[in-house]
Amino acid sequence: PVARVLGAVFAVLSLRVRDQVRQSVADNLASAQQVFTRVEARRQQDLRASVATLAENPTLKAALDTWLVEKKNANEETSAELLATVQRETDKIAGHIAADVLAVADVSRRVVASGGRLASAWPGGVVIGAASDANSPRDRAVLVGSGMYHVVSVPLQVGDAPIGSLELGTALDS
């Protein structure tokens, strides 16, 4: 009889300890998930702020605005030179940040120029999302070519007039 009582007590204690350990692990995982969520939200906020700061680059905005205004009336050589200026400014900015792609798009969200290690996946003329998205900062997942990207978009404006957007893309599938 004593052995049965001790066996029963041991079984009950084992179950209780196991349940307490499970609960402790679950609580720790929930806590870690909350911390991770807060850290990721802060990282995304910092990324949006960084892209917004990059979008204030006056040389980039002037180059894009000039190309947009002049491309209709310019000859092919002049248009190519203006586009090369936009590309050069995009490459300069992309060289200072750790991103897979930094692209400049017009108001219809067509890529005008792109820089970064995966820039070749974002050639000129490719559409990135809907044109209705171009007027407000946002981040979203976008399929470009055969790759999925997390994209942070910030409008490019001259005064109050929108001229396009700056798109920072991070590959999700590489």
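Provide the solvent-accessible area of Thr37, counting protein heavy atoms only and rolling a 1.4 Å probe, rounded to the nearest 10 Å².
In the full protein context, Thr37 sits at about 70 Å².
Where does each of Lys92, Lys71, Lys61 land when they are ordered by accessible area, with a 1.4 Å probe and the largest first?
Greatest to least solvent exposure: Lys92, Lys71, Lys61.
What are the extents of the Cα atoms of the chain along their three principal axes, in Å, largest first?
103, 32, 29
Per DSSP helix of 4 or more residues, -39500 (n - 2.57); summed, then divided by the residues of the chain. What does that give at 222 nm, rounded to the nearest 500?
-17500 deg cm²/dmol
Among Gln33, Gln87, Gln157, which one shows the biggest mean-square fluctuation in a GNM of the chain, springs joining Cα atoms closer than 10 Å?
Gln33
Leaving out ligands, DNA and RNA but keeping every protein chain, what accessible area does Ser146 have, in Å² rounded to the nearest 10, with a 1.4 Å probe?
Around 120 Å² of this residue is reachable by solvent.
Mind checking which of Arg110, Arg22, Arg38 has the largest fluctuation in a GNM of the chain, springs on alpha carbons under 10 Å?
Evaluated over the chain, the most mobile residue of the options is Arg22.
Through the Karplus equation 6.51 cos²θ - 1.76 cosθ + 1.60, θ set to phi - 60°, convert the phi angles of the range 56-69 into ³J(HN,Hα) values in whole Hz; use x for Gly and Pro.
8, 4, x, 5, 5, 5, 5, 5, 5, 4, 4, 4, 4, 6
Gaussian network model of the chain, Cα springs within a sub-10 Å range: biggest mean-square fluctuation belongs to which of Asn73, Asn57, Asn28?
Of the options given, Asn28 has the highest mean-square fluctuation.
Roughly how many Å² of Phe10 are accessible to a 1.4 Å probe, to the nearest 10?
Probe radius 1.4 Å; accessible area of Phe10 about 140 Å².
The values are calculated or read from the model by the stated rules, or taken from the named source; none is laboratory data. Keep in mind that what you see is a predicted model, and the values were worked out from it rather than measured. Areas reflect the complete protein model, heavy atoms only, side chains present, ligands, DNA and RNA absent. Shrake-Rupley method; radii C 1.70, N 1.55, O 1.52, S 1.80 Å.
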